[in-house]
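The values are calculated or read from the model by the stated rules, or taken from the named source; none is laboratory data. Small disclaimer: the values here were computed from a predicted structure and weren't measured. Cβ placement follows ideal geometry from the backbone for every residue including glycine, while neighbour counts extend to all protein chains displayed. Note: accessible area is taken over every heavy atom of the protein model, side chains too, but ligands, DNA and RNA are not part of it. Shrake-Rupley method; radii C 1.70, N 1.55, O 1.52, S 1.80 Å.
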Amino acid sequence: MTTLTSAPRTTPVTAPPARFRDLLAAEWIKTRSLRSTPWTIALTLLFVIGSTAVATLADKAPPSGPADFRPYDAYPPAGYWTLILVASSMGALTVVSEYTTGLIRTTTVAVPARGSIVLAKAAVTAALWTAVGTTASTGSFLISQAILNGHHADLPITHPGVLRALVASALLAPVCALVGLGLGVLLRHTAGTMVTSIFTLVMLPPMFSDSSRWSADIKHALVSAAWNRLIQTWGPEPGSLGYTATVSGSWLVYTLWPLITVALAVLVVRRRDV
């Protein structure tokens, strides 16, 4: 007599949830695997530091004796506007490229915690561009002082205002990269994100002046204007009719822009479809 036996029940095996450090590793692999990333960073650093050398050589240094720190020799606007553009664009492409190719769907299927994905992207982006910004800022300062040393006009890093300018210039890159990333999550469109980033970070500040209070308040709340104030070593001139931003207020701008844009990105990505 034959008896039928039922197949043993098996418990489905589920993969453990991804840890945040796993997300960090995955995002770093994505960033590192792009061939354009190291070339873009290298060319940007070359241009920024090279523009510093050109600006310092073009400025007539005093024949002898130390000079006051001249921030637009060490940190010329042309070089650092380029850094703003590249950092914000690369930060935006970190997420926009995934929306364009559809890779974001694969990522969210593997890791349903969308907010954690955005935070991991933000952490890797901040770390990478902090390293880039630090290299650019330190290199700019060293090359400018090496040139000024020939005129006996170089200054140590302990000179008043020098360290603040160096730190502010180093942090400019990660701040702009995180703003670009946040806008990329919010807009999810390559052209729209690039235009919005460039307009907000570069084109908008010159539209406002320091002559009236409301205009100065708007200008001082923008990232590039905050950077301009932080690299200055002098305060408002006596009898000046313009409104000057404060150092503490400029540091606050540096803090709030990336925090707000990334926080909005985390909030929005949780509430809408990919």
The conditions are (1) among the aromatic types (Phe, Trp, Tyr); (2) under 22 Å from the mean Cα position of the chain (by Cα); (3) open to solvent by less than 60 Å² (accessible area, probe 1.4 Å), and PHE208 fails exactly one of them. Which is it?
(2)
How do the pairs read when you match residues in the range 19-47 that are farther than 19 Å from ILE84 by Cβ and open to solvent by 40 Å² or more (accessible area, probe 1.4 Å) with residues anywhere that are assigned to a helix (DSSP H, G or I) and of a type in the set (Gly, Ala, Ser), using Cβ under 8 Å and keeping only pairs 6 or more apart or on different chains?
PHE20/SER116; PHE20/ALA120; LEU24/ALA120; LEU24/ALA123; ALA26/ALA120
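Name the residue, out of ALA122, ALA173, ALA113, ALA131, that is of a type in the set (Gly, Ala, Ser) and more than 22 Å from THR37 (Cβ to Cβ).
Numbers: ALA122 fails: more than 22 Å from THR37 (Cβ to Cβ); ALA173 fails: more than 22 Å from THR37 (Cβ to Cβ); ALA131 fails: more than 22 Å from THR37 (Cβ to Cβ).
So the residue among ALA122, ALA173, ALA113, ALA131 that is of a type in the set (Gly, Ala, Ser) and more than 22 Å from THR37 (Cβ to Cβ) is ALA113.
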Residue that is surrounded by fewer than 17 Cβ atoms within 10 Å (Cβ to Cβ) and touching a residue at least 40 places away in the same chain (Cβ under 8 Å), where the choices are THR130, THR138
THR130
Please state which of the following conditions ALA165 fails to meet, knowing it meets all the rest: (1) over 13 Å from the mean Cα position of the chain (by Cα); (2) open to solvent by 20 Å² or more (accessible area, probe 1.4 Å).
(2)
When the range 196-213 is examined, which residues are found to be assigned to a helix (DSSP H, G or I) and farther than 17 Å from THR246 by Cβ?
THR196, SER197, ILE198, PHE199, THR200, LEU201, VAL202, MET203, PRO206, MET207
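If I go through the range 180-195 residue by residue, how many of them are part of a helix (DSSP H, G or I), open to solvent by 10 Å² or more (accessible area, probe 1.4 Å) and not hydroxyl-bearing (Ser, Thr, Tyr)?
Residues that pass the stated criteria total 7.
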All but one of (1) closer than 19 Å to ALA58 by Cβ; (2) crowded, with 17+ Cβ neighbours inside 10 Å hold for ASN149; state the number of the condition that does not hold.
(2)
If ALA177 passes every condition in (1) open to solvent by 40 Å² or more (accessible area, probe 1.4 Å); (2) small (Gly, Ala, Ser); (3) under 18 Å from TRP81 (Cα atoms) but one, which one does it miss?
(1)
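In contact (Cβ under 8 Å) with a residue 12 or more places away in the chain and either part of a helix (DSSP H, G or I) or surrounded by 24 or more Cβ atoms within 10 Å (Cβ to Cβ) (or both): is that true of THR106 in this structure? Let's see the steps before the verdict.
On the way: in contact (Cβ under 8 Å) with a residue 12 or more places away in the chain: no; either part of a helix (DSSP H, G or I) or surrounded by 24 or more Cβ atoms within 10 Å (Cβ to Cβ) (or both): yes.
Considered against the rule, which asks whether it is in contact (Cβ under 8 Å) with a residue 12 or more places away in the chain and either part of a helix (DSSP H, G or I) or surrounded by 24 or more Cβ atoms within 10 Å (Cβ to Cβ) (or both), THR106 comes out as no.
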